[in-house]
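Asks: Quick one: the structure is below, questions incoming.
The values are calculated or read from the model by the stated rules, or taken from the named source; none is laboratory data. Predicted model, so just to flag it, every value in this text is computed and none were measured. Cβ placement follows ideal geometry from the backbone for every residue including glycine, while neighbour counts extend to all protein chains displayed. Side chains included, ligands, DNA and RNA excluded: accessible areas come from the protein's heavy atoms. Shrake-Rupley method; radii C 1.70, N 1.55, O 1.52, S 1.80 Å.
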Amino acid sequence: GNGRCPKEETDGLKTKGNHKRNESMRKERMTLKVSSLVQNNGQLGWLPKNPRQWTQTDIDRTKASIQEDTDFLEDRPLLVCPGLAGKYVVFGGNLRLTAARSLKLKEVPVVVYCLDEGGPEQDEIRETVKRRAMKDNGSFGAWDYDALANEWDDLPLADWGVPAWENEPVEDLTPKEK
């Protein structure tokens, strides 16, 4: 059988303004056993495998971050959808899942996206899941290295995945004589 979807009719989350919202999409925050979660390896067919890669250093830093600030997982739960054999496929938070496994955590907070398989909204819900998988890993904006160095220097930023200032060679844009 498939992973189970909560019985709730709505997710109770509200949006303001003119944000598009799929009113038929059901999702629910809950806690699931780590053993019931699987990495997104493309096993659902319609959801491409997770395109992010990480190193052991990334895993170690994520583990340290979780240990230091355990309830932050409540604020940034894993995003999952029901998969095969009673498992849930993680489409947002695969690195956090890897770290949680390494820490031998028994349970983690998740948001379960109900797919309404075969229902009239199935394609729209699948597109939402794919879009959010990318948005969860996206990174807009640029770091203000001056502010990081002068106002945030009392924190272990590199341990949290915040890039440190790197002296890169500056290209000489001075016009050359012919």
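Asks: Search the stretch 101-116 for residues that are closer than 27 Å to THR128 by Cβ and pair each with any residue that is small (Gly, Ala, Ser) when their beta-carbon atoms are under 7 Å apart and the residues are at least 6 apart or on different chains.
Replies: VAL108/ALA100
Asks: Scan ARG101, ARG61 and give me the residue that is open to solvent by 50 Å² or more (accessible area, probe 1.4 Å) and closer than 22 Å to LEU157 by Cβ.
Replies: Values: ARG101 fails: closer than 22 Å to LEU157 by Cβ.
Matching residue, one of ARG101, ARG61: ARG61.
Asks: On to the next question. Tell me the residue from ALA147, ALA142, ALA158 that is open to solvent by less than 70 Å² (accessible area, probe 1.4 Å), modelled with pLDDT of 80 or more and over 23 Å from LYS63 (Cβ atoms), please. Working first, answer last.
Replies: Details: ALA142 fails: open to solvent by less than 70 Å² (accessible area, probe 1.4 Å); ALA158 fails: over 23 Å from LYS63 (Cβ atoms).
Just one listed residue meets the conditions, ALA147.
Asks: So which residues in the stretch 104-125 are open to solvent by 10 Å² or more (accessible area, probe 1.4 Å) and farther than 21 Å from MET25 by Cβ?
Replies: Once the filter is applied, which keeps residues that are open to solvent by 10 Å² or more (accessible area, probe 1.4 Å) and farther than 21 Å from MET25 by Cβ, the stretch 104-125 yields LYS104, LEU105, LYS106, GLU107.
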